[in-house]
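Structure record follows, encoded as structure tokens.
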Amino acid sequence: MSEAAVIGLFVATVQFATLVYLAALGELIAERAGVLNLGVEGMMAMGAVSGFMVGLETGSPWAAFVVAAAVGALVGGFHALISVVLGADQVVSGLALTIGGVGLAAYVGRNVGGRIPETKFTDMSIIGLSEIRWFGDIFFNQPPVVYLAVLLGAGSWFVLARTRLGLALRAVGESAPTTDAVGHSVVGLRVAAVMVGGGLAGAAGSFLSLYMAPGWTEGMVAGRGWIAVALVIFGAWKPGRLAAGALLFGFTLALQPRLQSFDINFLGLQVNQISPALLGMLPFLLTVAVLVVISWRYRHGPSPAPASLGIAYRREER
Amino acid sequence: MSSKIFSKLLVLMAVFALLATACGNDDDADTQTTGADSTATAMAESTPMADATPMAESTPMAESTPMADATPMAEEMDDEVVAGFVYVGPVGDAGWTWAHDQGRRYVETSTGAVTRFVQSVPEEGPDFRSTVVDLIENENADVVFATSFGYMDTMEELSGVYPNVVFEHASGYKKNDTNFGNYFGRMYQPRYLSGMAAGALTEANQIGYVAAFPIPEVIRGINAFTLGAQRVNPDVEVHVTWTFTWFDPAVEGDSASALLEAGADVIAMHQDSTAPGLAAESAGARWVSYNSDMSAFAPDAFITAPVWNWGPYYERVIDAVRDGSYTPGAYWGGMADGIVDLAPLAADVPADVVAEIEEVRAEIEDGSWDVFTGEITDQDGNVQVAAGEVMDDGAMLGMEFFVEGVVGSIG
């Protein structure tokens, strides 16, 4: 196994992790404010298609990225309107958003499906750091979206944990009536959180269509939105743990093709002779293992989930 | 009325509004359906499905005679064959479904038939059935082409319900004696030729093959490709990575990257995305695509591609349906029939290899030689086809071994 192959494994890990982390971070923000949004897949699809189309028109990946985030926020706003402002069932509205978003993306992109991309993000070396052996190649020779995801993760942690705005957001997720009584706008906070979350999902979609697999074809999000929803639980609603979960998930995804092509002899077992069908189960086995560990850790004491998650708030209705 | 019920209604209305925009805006004659409709149908029908299926079965059965009358009536008016196509993916996939849709466009001009297509119809669930029933009852389809393996059993069932409609199923193996046939192409033939070109261009003598699922069709393609590569380059190894996907560009592109990092300098593939080619292009490696000529996506990497050309077959079936001479078959056409072909070769394929490829093509087309002609040994060195013998179709269709020179496991 060559050095390039090992570096490749971790480079791919970081990129897959970034893709799901951006979307999952958005979902985390919405859920911390008490709104479950199962529409991540739809928002990512809309972000992917709009990002690709803007890339075709403008040739600028950054313009595409910004528009994709705006479109994601708008689509997320639809969920906020239905489930926060009108107080409808969040699960129903979120599922509708996934179905509608994926379908709308297919419709919007029907004339650009299979088109040759005009632009994509290119790798950006961080001067100085990218020279570090191994570490530099893996972490500091990545597309700019990867660095942005790290900044957004750190920023989200800071806002949620260290600012009054974050406190209000968390409070509305724990107990909307109390927050209302204190004088914060429940609707305002929740709508903002859901739209920011949608923006991040849209941005994640455009990372897919502008870097991971440049182009647009219906179905290219391929379930990553659902992974993002699951990762939030996995990460116990904390941006840092979410990053660890995303990296673990990215690692299993990156490992699967590489275990088949690496010539590794592990304890007398030739790894690339293991049934590929068994290797394909690896991400799922790891997911189950981690969920078991997490539920074991929280076996006493309260669940890490926001207490008001999924509950619509209407003043004076009990 | 409680505002909760009201807002739930609003959600539903909003979804239907989205769907309406998705289908209502088509001014060309094609019946376009996007994933949204099909998913929504699946959702909407998920509860009543249990009783819907028997109902749907019994009603058309009872009405099959009046309906059979209705179809020719409608036809007397324009006298044209109506051909319905059901696709598993979007027509914009640049791959499998795109190739079928090229065939549909071809027959539209060559035969004058009216065509309808529905894309992104899932293999699972009730969508496929209702799509075909709709094509027959509302669009008056005389022949339905269904282009994915998973549609097979429903096609068989509906061929009994609508005896006056022709059912043609790609890539399956079931048929009947009156109105239900299957069709496919000997893709292994151009795969062999593409392997020759790849074998000539690899400098590392290591080719990476991004493979879809370990089923005979894919295994046959890998083996044919490997035998072709070995013909011009006996030292070549073909490293196989399974993705367990037909279409997931992120995974397929990354699998190509993994093979390239492990030392391969040419990538071949069996999925419907262009992502492996983009990975090869950015790594400065080479690429054999599949389904269609994808040279525009990775102009420097592209070597060639084994491609589908469904048009001539669709034309034959539609002509037969029009003049009433249709009889169902199990069609497995080769390069001689034109249903499969090789895309143009890259300019840097050496001239002697180009000449050899043309020679082999001629031998395949005149039937004097075929790809799986012995002696062929498997990975473990066992002789699978003895010297001078030719593997029969049954053995090819059930192929479950890798030839010597393939590195990887079928599992």
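Quick one: A:L129 ticks every box in (1) surrounded by fewer than 18 Cβ atoms within 10 Å (Cβ to Cβ); (2) touching a Gly at 6+ places or on another chain (Cβ under 7 Å); (3) within 30 Å of B:A296 (Cβ to Cβ) bar one, so which box is it?
Among (1) surrounded by fewer than 18 Cβ atoms within 10 Å (Cβ to Cβ); (2) touching a Gly at 6+ places or on another chain (Cβ under 7 Å); (3) within 30 Å of B:A296 (Cβ to Cβ), A:L129 violates only (3).
Which count do you get for residues in the stretch A:68-88 that are within 19 Å of A:V229 (Cβ to Cβ), within 9 Å of chain B (Cβ to nearest Cβ) and touching a residue at least 60 places away in the same chain (Cβ under 8 Å)?
Of the residues in the stretch A:68-88, 2 are within 19 Å of A:V229 (Cβ to Cβ), within 9 Å of chain B (Cβ to nearest Cβ) and touching a residue at least 60 places away in the same chain (Cβ under 8 Å).
Does A:A171 fit the bill of being surrounded by 23 or more Cβ atoms within 10 Å (Cβ to Cβ) and either closer than 22 Å to A:V102 by Cα or free of Cβ contacts under 8 Å to residues at least 40 places away in the same chain (or both)?
Working: surrounded by 23 or more Cβ atoms within 10 Å (Cβ to Cβ): no; either closer than 22 Å to A:V102 by Cα or free of Cβ contacts under 8 Å to residues at least 40 places away in the same chain (or both): yes.
Criteria not met by A:A171.
Considering only residues that are more than 14 Å from chain A (Cβ to nearest Cβ), at pLDDT 95 or above and either surrounded by fewer than 20 Cβ atoms within 10 Å (Cβ to Cβ) or more than 24 Å from B:G398 (Cα to Cα) (or both), which ones fall in the stretch B:197-229?
B:A197, B:A198, B:G199, B:A200, B:L201, B:T202, B:E203, B:N205
If a residue has to be part of a loop (DSSP other than H, G, I, E, B) and not β-branched (V, I, T) to count, how many in the stretch A:129-145 make the cut?
The total comes to 4.
Do we find a residue being assigned to a helix (DSSP H, G or I) and under 21 Å from the mean Cα position of the chain (by Cα) anywhere in the stretch B:338-353?
No, that holds for no residue.
Could you tell me which of the residues B:D134, B:D142 is modelled with pLDDT of 95 or more, assigned by TED's automatic domain parsing to the domain that holds B:I318 and in contact with a Lys or Arg (Cβ under 9 Å, 6 or more places away or on another chain)?
Answer to the check: B:D142.
Looking at B:Q271, is it in a loop (DSSP other than H, G, I, E, B), more than 8 Å from chain A (Cβ to nearest Cβ) and either in contact with a helix residue (DSSP H, G or I) (Cβ under 7 Å, 6 or more places away or on another chain) or without any contact (Cβ under 8 Å) to a residue 60 or more places away in the chain (or both)?
The answer is yes for B:Q271.
Given the options A:G215, A:G205, A:G240, A:G235, name the one that is under 28 Å from A:V6 (Cα atoms), touching a residue at least 24 places away in the same chain (Cβ under 8 Å), surrounded by fewer than 17 Cβ atoms within 10 Å (Cβ to Cβ) and not hydroxyl-bearing (S, T, Y).
Sole residue among the options that is under 28 Å from A:V6 (Cα atoms), touching a residue at least 24 places away in the same chain (Cβ under 8 Å), surrounded by fewer than 17 Cβ atoms within 10 Å (Cβ to Cβ) and not hydroxyl-bearing (S, T, Y): A:G240.
Regarding A:G59, is this residue on the phi < 0 side of the Ramachandran plot and not aliphatic (A, V, I, L, M)?
no
For the stretch A:36-66, give me each residue that is away from chain B (no Cβ under 14 Å) and either surrounded by fewer than 19 Cβ atoms within 10 Å (Cβ to Cβ) or without any contact (Cβ under 8 Å) to a residue 40 or more places away in the chain (or both).
Once the filter is applied, which keeps residues that are away from chain B (no Cβ under 14 Å) and either surrounded by fewer than 19 Cβ atoms within 10 Å (Cβ to Cβ) or without any contact (Cβ under 8 Å) to a residue 40 or more places away in the chain (or both), the stretch A:36-66 yields A:V54, A:E57, A:T58, A:G59, A:S60, A:W62, A:A63, A:V66.
Residues that are closer than 30 Å to A:R190 by Cβ and at the interface with chain B (Cβ under 7 Å from one of its Cβ atoms): does the stretch A:115-126 have at least one?
Within the stretch A:115-126 (the criterion being closer than 30 Å to A:R190 by Cβ and at the interface with chain B (Cβ under 7 Å from one of its Cβ atoms)), the answer is no, since none of the residues qualifies.
Looking for whichever is part of a helix (DSSP H, G or I) and within 12 Å of chain B (Cβ to nearest Cβ) here; the options are A:L189, A:L97, A:L167, A:L160. Which one fits? Talk me through it step by step, then tell me what you get.
Details: A:L189 fails: within 12 Å of chain B (Cβ to nearest Cβ); A:L167 fails: within 12 Å of chain B (Cβ to nearest Cβ); A:L160 fails: within 12 Å of chain B (Cβ to nearest Cβ).
Only one candidate qualifies: A:L97.
Out of (1) within 17 Å of the chain's Cα centre (by Cα); (2) of a type in the set (G, A, S); (3) surrounded by fewer than 18 Cβ atoms within 10 Å (Cβ to Cβ), the odd one out for A:G72 is which?
Of the numbered conditions (1) within 17 Å of the chain's Cα centre (by Cα); (2) of a type in the set (G, A, S); (3) surrounded by fewer than 18 Cβ atoms within 10 Å (Cβ to Cβ), the odd one out for A:G72 is (3).
Counting only residues that are without any contact (Cβ under 8 Å) to a residue 40 or more places away in the chain and more than 15 Å from A:P214 (Cβ to Cβ), how many does the stretch A:111-140 have?
Residues flagged as without any contact (Cβ under 8 Å) to a residue 40 or more places away in the chain and more than 15 Å from A:P214 (Cβ to Cβ) within the stretch A:111-140 amount to 14.
Being facing chain B (nearest Cβ under 8 Å), aliphatic (A, V, I, L, M) and assigned to a helix (DSSP H, G or I) narrows it down to one residue among A:V91, A:V112, A:V102; which is it?
A:V102
Given the residues B:P276, B:P249, B:P299, which is the only one that is surrounded by fewer than 23 Cβ atoms within 10 Å (Cβ to Cβ) and within 13 Å of chain A (Cβ to nearest Cβ)?
B:P299
Taking the criterion of being crowded, with 24+ Cβ neighbours inside 10 Å, away from chain A (no Cβ under 14 Å) and either within 19 Å of the chain's Cα centre (by Cα) or outside any helix (DSSP H, G or I) (or both), would at least one residue in the stretch B:87-101 satisfy it?
no
Is it true that B:G172 is touching a Gly at 6+ places or on another chain (Cβ under 7 Å), surrounded by 18 or more Cβ atoms within 10 Å (Cβ to Cβ) and not β-branched (V, I, T)?
No.
Report yes if some residue within the stretch B:386-402 is closer than 24 Å to B:S292 by Cα, out of contact with any His (no Cβ under 7 Å at 6 or more places or on another chain), surrounded by 13 or more Cβ atoms within 10 Å (Cβ to Cβ) and not assigned by TED's automatic domain parsing to the domain that holds B:K175; otherwise report no.
Within the stretch B:386-402 (the criterion being closer than 24 Å to B:S292 by Cα, out of contact with any His (no Cβ under 7 Å at 6 or more places or on another chain), surrounded by 13 or more Cβ atoms within 10 Å (Cβ to Cβ) and not assigned by TED's automatic domain parsing to the domain that holds B:K175), the answer is yes, since at least one residue qualifies.
The values are calculated or read from the model by the stated rules, or taken from the named source; none is laboratory data. Because the structure is predicted, anything quoted here is derived from the model rather than measured. A quick note on method: Cβ atoms are made from the backbone with ideal geometry, for glycine too, and the neighbour counts reach across all protein chains shown.
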